[in-house]
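For reference, the structure discussed in these notes is given below.
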Amino acid sequence: MPLETPVHVANELARHGYNAEPEAVTLLASATDPAGALERTLETVPDDAVVLTAEHVKEVVETRSRSGGSTDRPDPEPTAEATAESSDSPAPEDPSVSTGTDAADPSDGGADAAVETGGSAASEGGVATGESASSATGSGATGAAPDGRTPADPDQQSIAIEGDIQSTGTGEYSDFVAVFRDRYEKLSKQLRGRVNHRPTDAIESMPGGSEAAMVGMVSDIRSTASGHWLVELEDTNGTFPCLVMKDRDIADLVNELLLDEVIAVDGTLADDGGILFVDSLYFPEIPRTYEPSTADREVEAALISDVHVGSQEFEADAWHRFTDWLHTADADRVEYLLIAGDMVEGVGVYPNQDEELDIVDIYEQYERFSEYLKEVPGDVEIIMIPGNHDAVRLAEPQPAFDEELRDIMSAHDARISGNPSTVTVEGVDVLMYHGVSLDEVIAELPDEKASYDEPHKPMYQLLKKRHVAPQFGGQTRLAPEEEDYLVMESVPDVFHTGHVHKLGYGKYHNVLAINSGCWQAQTDFQKSVNIDPDVAFAPIVSLDTLDLRIHDFE
């Protein structure tokens, strides 16, 4: 493989399990034949060595010089694992990227429009786009080098994780009742301050014409012969029909409803008291006054997902460019890497997948992924959650990987949690969710509210509903646990998803929503379902300001 820069040398050493002194990396990179020097160094390094020293490299180079050996031997052929091409090639002029610039949507009946912001410039939403990756230079060793990365101070780094669940559900009917009761109780607490809630049995006993309000779970939605909307709401005491007239402003909100989500309504009972005419409709929502937390120093996190190692379409060269860039001075502040699922391509996920696999064994896929993970600088903290292609159960919430897979992926001491998880990074709460329910939201809601081309919009809907997978029994498989771990009890500062292989971002009520694209080119299966992926983008979040910059490594 070509070893034009110190970072390529450092990456190749890391691939063989060695750290190195900066001077050792520089000596190897500046040799007349860097690949040959590296090969001889690896052949002669002591078995018990962990850190490659400059003295050892000098000894190898000087011995070769005294022996009169040729320094003109050609580089070996590049390999899929190790080739890291230069990023001098221009970025696509018009990548398929959503920028979150649409106007605000109303968030509840009779209220002012909820603020949704996003865009392509920092002045419009704290978002800078269009930055292509510079050529990777610098050292991947533990010390600073010219134009190289300055190592992070571990004493300043801070991570707390909530969400690594231990599954206790048995699949009994009582488990399903328990999880839906828990959902109702958690979300109704967020809504009862907005309406004068009465349980269904109390409303049934009220006289016709009375004003009434309730908090309930959506159990049915249907249109009447006259074009009005009949929404049945359920609480712990029973169900009650609520009618939304088609000529009311809130009628458009019915198009945003999903079964099993929790909402609040108020209005007036019919003369016979048998139905509630709805005047206002409320979602649990993110408060308009929400102010996100930020870090107290200048530090950044890279948010990626859907790496899909093991696929024939995995973009190994783009990954090398990304990890090379992490070793440069431009990435000095990037001290965290958050990966939102689908580390590998998996096996048997979709029809005829085996025809598109480069690695057919699931454990070998994770072993190869671990090798790629070694290219990340050692001072970068890595946090990972599983996705639907990973070797965990499909039903959500997904517990984290088992011990065997954790051991395979232990090369970088990565922190592994369940899906979803809230990761607090230097005081900033990042809700990491792989994103399978985005398929459901996009399928059920109008295109202007949710689409694959603008994946931040269905994310806004999940924030509005304060639940990452509201609808049960559809495309998203949900597991009954002792409580509903999918409820957003607290407001995240950043909401990070993947799954749909599209890049999208924006701010909803000051919460930064990011869908981070993928590292897999279009597969035949994706062509068949009309998915055109956004490949090799790395969103970089400044944790002290929550500003965003996007790097393109394609």
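The values are calculated or read from the model by the stated rules, or taken from the named source; none is laboratory data. Note that the structure is a prediction, hence the values are computed from the model and not measured. Every residue, glycine as well, gets a Cβ built from its backbone with ideal geometry; the counts of neighbours run over all protein chains shown. Note: accessible area is taken over every heavy atom of the protein model, side chains too, but ligands, DNA and RNA are not part of it. Shrake-Rupley method; radii C 1.70, N 1.55, O 1.52, S 1.80 Å.
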Qualifying residue in region 53-74 (condition: at pLDDT below 75, open to solvent by 20 Å² or more (accessible area, probe 1.4 Å) and under 23 Å from Thr150 (Cβ atoms)): no
Residues of region 499-552 classified as in a loop (DSSP other than H, G, I, E, B) and touching an Asp or Glu at 6+ places or on another chain (Cβ under 8 Å), total: 15
Single residue of Thr476, Thr523 found to be surrounded by fewer than 23 Cβ atoms within 10 Å (Cβ to Cβ), closer than 30 Å to Phe180 by Cβ, among the β-branched types (Val, Ile, Thr) and at pLDDT below 95: Thr476
Residue in region 314-326 that is within 21 Å of Ser417 (Cβ to Cβ) and either crowded, with 20+ Cβ neighbours inside 10 Å or in contact (Cβ under 8 Å) with a residue 12 or more places away in the chain (or both) present: no
Subset of region 333-354 (residues that are open to solvent by 10 Å² or more (accessible area, probe 1.4 Å), of a type outside the set (Ser, Thr, Tyr) and at pLDDT below 95): Val347, Gly348, Val349, Pro351, Asn352, Asp354
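Can you tell me which of Glu211, Glu232, Glu162 is touching a Ser or Thr at 6+ places or on another chain (Cβ under 9 Å), under 22 Å from Leu486 (Cβ atoms) and acidic (Asp, Glu)?
Only one candidate passes the filter, namely Glu162.
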Output for region 355-371, where each listed residue is under 20 Å from His499 (Cα atoms) and either of a type outside the set (A, V, I, L, M, F, W, C) or crowded, with 21+ Cβ neighbours inside 10 Å (or both): Glu356, Gln365, Tyr366, Phe369
Residue ID - nearest to Ser542 (Cα to Cα), chosen from residues in region 296-312 that are open to solvent by 10 Å² or more (accessible area, probe 1.4 Å) and at pLDDT 95 or above: Glu300
Any hit, region 483-496, residues being farther than 30 Å from Tyr173 by Cβ, open to solvent by less than 20 Å² (accessible area, probe 1.4 Å) and aromatic (Phe, Trp, Tyr): yes
Residue count, region 409-441 (criterion: of a type outside the set (Val, Ile, Thr), within 17 Å of Ile339 (Cβ to Cβ) and open to solvent by 10 Å² or more (accessible area, probe 1.4 Å)): 8
When residues of region 442-465 are limited to those that are in contact with a helix residue (DSSP H, G or I) (Cβ under 6 Å, 6 or more places away or on another chain) and in a helix (DSSP H, G or I), the one surrounded by the most Cβ atoms within 10 Å (Cβ to Cβ): Pro458
Any hit, region 541-554, residues being open to solvent by 50 Å² or more (accessible area, probe 1.4 Å) and within 20 Å of Ala318 (Cα to Cα): yes
Region 379-408, residues that are open to solvent by less than 10 Å² (accessible area, probe 1.4 Å), in contact (Cβ under 8 Å) with a residue 60 or more places away in the chain and over 27 Å from Ile540 (Cα atoms): Glu396
Residue count, region 299-318 (criterion: more than 15 Å from the chain's Cα centre (by Cα) and under 26 Å from Asp155 (Cβ atoms)): 2
The one condition in (1) outside any strand (DSSP E or B); (2) out of contact with any strand residue (DSSP E or B) (no Cβ under 6 Å at 6 or more places or on another chain); (3) not acidic (Asp, Glu) that Ser188 fails to fulfil: (2)
Region 164-184 residues that are in a helix (DSSP H, G or I), paired with ones that are surrounded by fewer than 17 Cβ atoms within 10 Å (Cβ to Cβ) and among the polar types (S, T, N, Q) (beta carbon under 8 Å, 6 or more apart): Arg181/Thr236; Tyr184/Thr236
